[in-house]
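A quick write-up on the structure given underneath.
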Amino acid sequence: MPKMTMVEALNLALHQEMEKDDRVIVLGEDVAVDGGVYRVTEGLLEEFGEERVIDTPLAEASIIGASIGMAVYGLRPVCEVQFSGFSYFGMHQIESHAARMRWRSRGGYHVPMVLRTPYGAGIRALEHHSESREAYYAHTPGLKMVIPSGPRNARALLVSAIRDPDPVVFYEAKAVYRAFREEVPEEEETFPIGKAQVVREGDNLTIITYGAMLQPSLEAADTLDEEDGVQAEVIDLLSISPLDHETFVNSVNKTGRVVIVNEAPRSFGPAAEITARLVEKSFWYLEAPVQRVTGYDVIVPLFAYEDVYLPDAKRIVRAAREALSA
Amino acid sequence: MPKMTMVEALNLALHQEMEKDDRVIVLGEDVAVDGGVYRVTEGLLEEFGEERVIDTPLAEASIIGASIGMAVYGLRPVCEVQFSGFSYFGMHQIESHAARMRWRSRGGYHVPMVLRTPYGAGIRALEHHSESREAYYAHTPGLKMVIPSGPRNARALLVSAIRDPDPVVFYEAKAVYRAFREEVPEEEETFPIGKAQVVREGDNLTIITYGAMLQPSLEAADTLDEEDGVQAEVIDLLSISPLDHETFVNSVNKTGRVVIVNEAPRSFGPAAEITARLVEKSFWYLEAPVQRVTGYDVIVPLFAYEDVYLPDAKRIVRAAREALSA
Amino acid sequence: MPRSMIELPYQIEYLSILDEEGKLDKELEPDLSEDLLLEMHRAMLLSRRLDERMLNLQRQGRIGTFAPVKGQEASQIGSAAALDESDWLVQSYRDQAAAVYRGQSIESFLLVYGGFFQGNQLPEGVHNLPVAVPVGTQTLHAAGLAYAIKYRGDESAVMVYFGDGATSEGDFHEAMNFAGVFQTPVVFVCQNNQYAISIPREHQTRSKTLAQKALAYGLPGMQVDGNDILAVYVAAQEAVERARSGEGATMIECLTYRLSLHTTADDPTRYRSEEEVEQWEKRDPIPRFQNYLQEKDLLTDQKIGDLEEEIEEQIQQAVDRAEEQMKELEAEALSMFDHIYAEMPPYLEEQRQALEEVLAEKEGA
Amino acid sequence: MPRSMIELPYQIEYLSILDEEGKLDKELEPDLSEDLLLEMHRAMLLSRRLDERMLNLQRQGRIGTFAPVKGQEASQIGSAAALDESDWLVQSYRDQAAAVYRGQSIESFLLVYGGFFQGNQLPEGVHNLPVAVPVGTQTLHAAGLAYAIKYRGDESAVMVYFGDGATSEGDFHEAMNFAGVFQTPVVFVCQNNQYAISIPREHQTRSKTLAQKALAYGLPGMQVDGNDILAVYVAAQEAVERARSGEGATMIECLTYRLSLHTTADDPTRYRSEEEVEQWEKRDPIPRFQNYLQEKDLLTDQKIGDLEEEIEEQIQQAVDRAEEQMKELEAEALSMFDHIYAEMPPYLEEQRQALEEVLAEKEGA
Ligand SMILES: Cc1ncc(C[n+]2csc(CCOP(=O)(O)OP(=O)(O)O)c2C)c(N)n1
Ligand SMILES: Cc1ncc(C[n+]2csc(CCOP(=O)(O)OP(=O)(O)O)c2C)c(N)n1
Ligand SMILES: [Mg+2]
Ligand SMILES: [Mg+2]
């Protein structure tokens, strides 16, 4: 199996799905000739031509709105918004139409589109290039919200997202894009949307996280093992919506202690919903307050302080010890 | 003191603030000649002229974006988006600029604007006219998010919002607009943004809510009193962000049992954040799982089923009994 | 050329064929079949009577808010008549005339405006999109649909309706630009009915015509008398042909007038004068066309009378069916969980069950 | 007029004064003071050298991504020079030339691109808005600012910069329309540098010029040679005058070229040819204007040499100051909590304290 970065793995998924299914088309700013500013769509133009790999005008609402129309006609548009910080330009199309067309038409039309967009901090970028606003989408009925954490699951989830009959917002962690390589099989792999994965087993504590925060969470688990003799179970959500609470509830019912890690701002963020589900499903098993390790409720600072802003293994360990000491 | 509807009370606030301060101007679709589709801005054109009471073209991003420019120049625009379901058209202006201008300019410029917009179900309206998406705004650093529950606090909070040096998203519950009258003093009243209010005292249970959900919550409290002999403390949040957790934490530390009521969809909604704060601050006082009584995670149905969709006193009572029986 | 004028590829045309005095420009008169002429007439009349009936139902509280078509029938029927079944119609919230003409049922609209989303289910084979309420947003769906049609090598056209107010929204701009760049087969039909709720056309934009906005996208734009169904038909037909033959998009501005309320929640006396409305009543598209047909001996007073009765009966039956269905559907509140996703995720299933319990309890009580 | 052409109030003008061969149209030559001419020249040169220096710093990892101005200096300085101090400049992310010309410091940009938001603090009295990264959004701020100016009866104008790509965004459309309807004193300056990252101008929109987009809003639009600082100045001056005198908004399209990278993260060889770049290098605005000044005996080789040295020194000092400040600011991470709100709410105060503890612990470790 070749070792790939997340960028390469996503590119593989697009190549293979486009080969298999001529309904799949790719559109966005700079996705064709330039191959995408992160090169996720590299080589697609050459292979599939400009009718299927479309450099659009600079207008996000139109990228999203036109994708809706394409999807209604039976295509499977995979559109790219260059940075998630610019996806709000099309928020009205997403909320008012992508998420509702199936419902509005009583199943007569549906919108099997994927909105791919890079999110998150950690790559020394400009303002608006470091946000994590997955909660907007996760809070919107009718949408699915997926965030892979590494090359292999990114590829599998993108394939699943493309085949999903409903609109999927697909966040790609810029910090993971080229951070490490993983073996990714040439043969098709999918991963069910709405399922979380236990990536490290443990009995003493549960760490729930996703996306770029998986790596520091695993690092923290190692530290806890080495320094505290604590076995942390680490859960990678992969889907933010539908949120697979069954998997993390099972874990917390076993460990009784939990740290949730997300890089989005804390208030009204993903960790809040996870906490609420735990309170509903695992209340009698909780032995300590749920710990949220998150971005602060501030504008993500320009990059001089982004490492301070971002949750890291240190902060996660700190929170874990808090949970363990209660 | 005259008895007023919420519409009249909001209108009073606008009249008085515009009289006092010529920086205050009002803009939006149909706010001038028509007096606003709900008549909240009625009479302002006649009194203050078309330079201060502006019928804009039909374009929400421009209403919001132009307000930002006006605010930077020192005005205090109170803009109206005709229904909150159309505020996402300007989401990029809100997220990228209204919420950030102070931060970006290191305090050099700020955006003292109010974005007034009717929200919520219960008035037999068309699609997109019944949503509650306050969580989008509450999750966005740099914004304040306010939702009054009745005529008197609506007036006081609108005055405070207009005077606030930061951008305030001001949700007005359509279901409350003309639902009842309250005494509203002619003299100026303000109410601090970021403060909740205990509107009914009780020792057995805490109900946390806001906006249009206050009425069914109070009704439920009455039922609990009459039928169960239970004294519910009812907290009206008024501000969703900043969220005044101190007030509800104090209450829950006393009662140990809590029901949160919001009409927004449940997942990733306001009740989740309130739950998370309680877990952080009141964990050791909680005697039962927190109950969320919310809208379902569906598109708000057209009006035939909106009463079924909306939380009502019955569902609140049910949840309260659940909390009490644990 | 240091200081010089730049020549633009398009100019803006104006078209009128049958004017408000009933004067016909014979040279421009389209050669339409008797059937089509009568079908268009019937569709306009049906829409007018449906408006009246719905207004009644609304006033009696039997349905909720809706937006009457009155005055704009020619703009809708004239343009929709230029479409084939395989073409697509992308509608907004005031386009019942065209939608019904294209095969949606009257009762489906009654259901929707009666608060039942079930009405939005389209009959098989009707290529309409459901009503889009957020102003201007549907123009982008049309642009994307048209792209897909082109990609598939199909020969259909897409027609999208929107109002004068909608031209101010960014989505309209982006849709026109998208359609221009990719030469997609869309016909942008602006029903300029002079108002966006209370905002008059002149206050909506400073441009002299709305049609000229097409120039910003290198597209042809045309202004027509939107109360002249012949002019609307001819313009639409040309644009649809352009679209089908791969020449790309066109914008048509139909000059018309909303003779009734914005919606049933609106009070137009707050923002416009009776005289203005009376002026426009004289330009009512229906009598104008009716006279034309009578002069052509295609209609008589007797035939019109029969037609009116037939239409009344048709509407009455639809109302009856709709009210019956509404009664039956009342108990179907759980259907609010349907069609949110293709497959219901577990957390929704849980919520659905919770609601089921609540409903059972209510029933029990 | 059954089928006829509609006359529009505006046509689109093209303006060039000093062409790429250095040929001067004497009749159109503006009568500018020696000081202003030299000041504009210096500002262009400063920007060019700053670009080069920043590229260096970026390649060495001392600052992060930024967008070079190279090639567009005349469009920026020519237009900004038409503004008074009391006028407003609303900038985007490639407008350092104008911003510095208007009084922002070089080190402030170095700080920002070095990752320190502290650089965005504007000096007192400089009426620039901070850099807006989301394409096109700033046009609306300009429209609103201008409205406020008009409301206050002040006589300032607002100038807003944006690119060819930005004209595709809905915000541009809405801003132009807003400015048109309310006749606000805005000058929309489009720096059409032929690319939006990799997307060439022709693929951005089907319209022949960008200037003609003004017609959609009933506004005057003009296309100028954006590498001809005299033409840019004259067009801008006229538009600013129009604005100040209450005649409303204007759009100016400056035909120019981005000679360098989109940003330092970009590889332009992927989407454009060397020949094309070379063609445009011949139209470089700086030598063209320099020759003009030399022919006017306002500059000599000697003077240019001195000026280059002076600029190098100026930039060096700014770099030194910036790097010193960055070092000092490194410890100020807690300032990320500042200026989120006028007053820090309690929950933020709590988070700030939590971070303080984390930082203290790290320091301790
Ligand atoms: C995005 C959005 N903003 C506001 C509204 C509320 N609204 C409904 S119709 C309307 C006016 C539309 O005017 P126009 O486009 O001219 O169409 P008309 O109603 O005249 O047919 C407004 C403001 C809406 N539906 N969508
Ligand atoms: C709304 C938005 N979408 C995408 C981007 C990413 N992006 C940055 S610059 C740019 C191209 C802009 O082109 P143009 O307007 O011509 O300006 P130029 O860069 O050529 O000066 C893009 C797509 C952005 N900053 N904002
Ligand atoms: Mg209209
Ligand atoms: Mg450009």
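The values are calculated or read from the model by the stated rules, or taken from the named source; none is laboratory data. Worth saying up front: this structure is predicted, and the values here are computed from it rather than measured. Quick reminder, even Gly has a Cβ in these numbers, built from the backbone with ideal geometry, and neighbours come from all protein chains shown.
Scanning the stretch B:250-278 for residues that are among the charged types (D, E, K, R) and either under 21 Å from residue C:352 (Cβ atoms) or not in a helix (DSSP H, G or I) (or both) gives B:257, B:263, B:266. Inside the stretch C:1-43, residues that are more than 7 Å from chain D (Cβ to nearest Cβ) and of a type outside the set (A, V, I, L, M) make up a count of 18.
Against the list (1) within 20 Å of residue B:291 (Cα to Cα); (2) surrounded by fewer than 23 Cβ atoms within 10 Å (Cβ to Cβ), the condition residue A:228 fails is (1). Tally time: how many residues in the stretch D:197-231 are surrounded by 24 or more Cβ atoms within 10 Å (Cβ to Cβ), farther than 17 Å from residue C:219 by Cβ and within 16 Å of ligand 2 (Cβ to nearest atom)? Counting residues in the stretch D:197-231 that are surrounded by 24 or more Cβ atoms within 10 Å (Cβ to Cβ), farther than 17 Å from residue C:219 by Cβ and within 16 Å of ligand 2 (Cβ to nearest atom) gives 4. Only one entry in D:269, D:256, D:300 is in contact with a helix residue (DSSP H, G or I) (Cβ under 9 Å, 6 or more places away or on another chain), within 30 Å of residue D:210 (Cβ to Cβ) and more than 16 Å from ligand 3 (Cβ to nearest atom), namely D:256.
Among the residues here, residue C:215 qualifies as more than 16 Å from ligand 1 (Cβ to nearest atom) and at the interface with chain D (Cβ under 9 Å from one of its Cβ atoms).
Counting the residues of the stretch A:8-29 that are more than 16 Å from ligand 4 (Cβ to nearest atom) and surrounded by 23 or more Cβ atoms within 10 Å (Cβ to Cβ) gives 9.
Quick grid of which residues meet (1) buried (at least 23 other Cβ atoms within 10 Å of the Cβ); (2) under 14 Å from residue B:239 (Cα atoms); (3) outside the structural domain of residue B:300 (by TED's automatic domain parsing):
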residue: B:119; (1), (2), (3): yes, no, yes
residue: B:123; (1), (2), (3): no, no, yes
residue: B:131; (1), (2), (3): yes, no, yes
residue: B:153; (1), (2), (3): yes, yes, yes
residue: B:157; (1), (2), (3): yes, yes, yes
residue: B:169; (1), (2), (3): yes, yes, yes
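The sole residue among B:299, B:316 that is among the aliphatic types (A, V, I, L, M), touching a helix residue (DSSP H, G or I) at 6+ places or on another chain (Cβ under 7 Å) and part of a helix (DSSP H, G or I) is B:316.
Would you call residue D:135 within 18 Å of the chain's Cα centre (by Cα), closer than 15 Å to residue D:217 by Cβ, crowded, with 24+ Cβ neighbours inside 10 Å and at pLDDT 95 or above? Answer is no for this residue.
Can residue B:32 be described as away from every other protein chain (no Cβ under 11 Å), small (Gly, Ala, Ser) and either under 24 Å from the mean Cα position of the chain (by Cα) or within 16 Å of ligand 4 (Cβ to nearest atom) (or both)? Considered against the rule, which asks whether it is away from every other protein chain (no Cβ under 11 Å), small (Gly, Ala, Ser) and either under 24 Å from the mean Cα position of the chain (by Cα) or within 16 Å of ligand 4 (Cβ to nearest atom) (or both), residue B:32 comes out as no. Looking across A:146, A:169, one residue alone is touching a Phe, Trp or Tyr at 6+ places or on another chain (Cβ under 7 Å) and within 14 Å of chain B (Cβ to nearest Cβ). It is A:169. For first residues located in the stretch D:115-135 and assigned by TED's automatic domain parsing to the domain that holds residue D:90, partners that are at pLDDT 95 or above and among the aromatic types (Phe, Trp, Tyr) and lie 6+ apart or on another chain with Cβ distances below 7 Å form the pairs D:115/A:303; D:119/D:109; D:127/D:88; D:131/D:93; D:133/D:93; D:134/A:86.
Go through the residues of the stretch A:203-216 one by one and say whether even a single one is surrounded by 24 or more Cβ atoms within 10 Å (Cβ to Cβ), at pLDDT 95 or above and more than 21 Å from the chain's Cα centre (by Cα). Yes, the conditions are met somewhere in the stretch A:203-216. So in the stretch D:189-220, with the set limited to residues that are part of a loop (DSSP other than H, G, I, E, B) and more than 16 Å from ligand 4 (Cβ to nearest atom), which one is nearest to residue C:6 (Cα to Cα)? Of everything passing the filter in the stretch D:189-220, D:208 is nearest to residue C:6 (Cα to Cα). Of the residues making up the stretch C:347-365, just one is within 12 Å of residue B:314 (Cα to Cα) and either hydroxyl-bearing (Ser, Thr, Tyr) or in contact (Cβ under 8 Å) with a residue 24 or more places away in the chain (or both), namely C:359. Determine, yes or no, whether residue C:58 is away from chain D (no Cβ under 14 Å) and either free of Cβ contacts under 8 Å to residues at least 60 places away in the same chain or more than 30 Å from residue D:221 (Cβ to Cβ) (or both). Yes, satisfied. Within the stretch A:223-235, identify whether any single residue is touching a residue at least 60 places away in the same chain (Cβ under 8 Å) and either in a loop (DSSP other than H, G, I, E, B) or β-branched (Val, Ile, Thr) (or both), and answer yes or no. Yes: the stretch A:223-235 contains one or more residues that are touching a residue at least 60 places away in the same chain (Cβ under 8 Å) and either in a loop (DSSP other than H, G, I, E, B) or β-branched (Val, Ile, Thr) (or both).
Of the residues making up the stretch C:252-267, those that are at pLDDT 95 or above, touching a Ser or Thr at 6+ places or on another chain (Cβ under 9 Å) and more than 10 Å from ligand 1 (Cβ to nearest atom) number 4.
Here's the yes/no breakdown for (1) more than 25 Å from residue C:239 (Cβ to Cβ); (2) out of contact with any Gly (no Cβ under 6 Å at 6 or more places or on another chain):
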site: C:6; (1), (2): yes, yes
site: C:18; (1), (2): no, yes
site: C:21; (1), (2): yes, yes
site: C:36; (1), (2): no, yes
site: C:55; (1), (2): yes, yes
site: C:63; (1), (2): yes, no
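Please verify whether the stretch A:100-108 includes one or more residues that are buried (at least 20 other Cβ atoms within 10 Å of the Cβ), closer than 18 Å to residue A:238 by Cα and more than 16 Å from ligand 1 (Cβ to nearest atom). No: the stretch A:100-108 contains no residue that is buried (at least 20 other Cβ atoms within 10 Å of the Cβ), closer than 18 Å to residue A:238 by Cα and more than 16 Å from ligand 1 (Cβ to nearest atom). Against the list (1) in contact (Cβ under 8 Å) with a residue 12 or more places away in the chain; (2) surrounded by 15 or more Cβ atoms within 10 Å (Cβ to Cβ), the condition residue D:308 fails is (2). On the given criteria, is residue C:186 within 16 Å of ligand 4 (Cβ to nearest atom) and either under 17 Å from the mean Cα position of the chain (by Cα) or buried (at least 24 other Cβ atoms within 10 Å of the Cβ) (or both)? For residue C:186, the condition - within 16 Å of ligand 4 (Cβ to nearest atom) and either under 17 Å from the mean Cα position of the chain (by Cα) or buried (at least 24 other Cβ atoms within 10 Å of the Cβ) (or both) - is not met.
Taken together, D:178, D:172 contain a single residue that is in contact (Cβ under 8 Å) with a residue 12 or more places away in the chain and within 16 Å of ligand 1 (Cβ to nearest atom), which is D:178. Across the stretch B:279-289, which residue is surrounded by the most Cβ atoms within 10 Å (Cβ to Cβ) among those that are assigned to a helix (DSSP H, G or I) and within 7 Å of chain A (Cβ to nearest Cβ)? Restricting to residues being assigned to a helix (DSSP H, G or I) and within 7 Å of chain A (Cβ to nearest Cβ), the top hit is B:279.
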